[in-house]
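Every number here is computed from the coordinates shown, using simple stated rules; none is lab data. None of these values were measured; they are calculated from a predicted model. Every residue, glycine among them, receives a Cβ derived from its backbone with ideal geometry; neighbour counts consider all protein chains shown.
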Amino acid sequence: MSDEPLIAVFVDFENLAIGVKQMKAGSFQVSLILKRLLEKGRIVFKRAYCDWGNYRDAMREFHAQGVEMIDIPQTKVSGKNSADIRMVVDALDLCYSKDHIDVFALISGDSDFSPLVSKLKENNKRVIGCGVKASTSDLLIHNCDEFLY
């Protein structure tokens, strides 16, 4: 068995899609991020969160890359979907139930994930962030062990 770090990837797709659109940089390509993360270790878990009904065109690439897509429909009550909350719950569940995971890659620019980063680090997990440079929170960047753009 290899000593390379085992990585769990969590993608806040809606956050990234908005950031890429604002930059007018084409479309978000998950394959590029996964390729960069493979330089850091072996990816053993890949999950992306979004109201996929609004981003049907992006689904094909995520499926081709073997990423599990969690559909979080937007609700009228809050005006915001609950993808962030679901992503945090799933990441913490994995942290506590799968001790062999060494690295958590959080693909988002949202500062709301800073408490999650702190909790993962408290549990001796390395956290790599990745986001769109122009729309990523400085708080998130500084909380992660490493940040990729």
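Which residues does a label at SER31 reach in segment 40-69, if reach means a backbone N under 11 Å from a point 7 Å past the Cα toward the Cβ? Once the point is set 7 Å along Cα→Cβ of SER31, 61-62, 64-65 turn out to lie under 11 Å by backbone N, inside segment 40-69. Kirkwood analysis of the Cα pair distances in the chain returns a hydrodynamic radius of 15.5 Å. The packing ranking of peptides 128-135, 94-101, highest mean first, is 128-135, 94-101, where packing means the average number of other beta carbon atoms within 10 angstrom of each residue.
Radius of gyration (Cα atoms) of segment 58-128, expressed as a multiple of 2.2 N^0.38 Å: 1.23. In terms of packing, defined here as the mean over residues of other Cβ atoms within 10 angstrom, the peptides 106-115, 138-147 line up highest first as 106-115, 138-147. Note the angle between two axes, namely the Cα long axis of helix 13-23 and the longest principal axis of the Cα atoms of the chain, as a number of degrees from 0 to 90, rounded to the nearest 10. The angle comes out at about 60 degrees. Compute the FRET efficiency between GLU4 and ASN54 as 1/(1 + (r/R0)^6), taking r as their Cβ-Cβ distance and R0 = 35 Å, and round to the nearest 0.05. Computed FRET efficiency for GLU4 and ASN54 comes out at 0.45.
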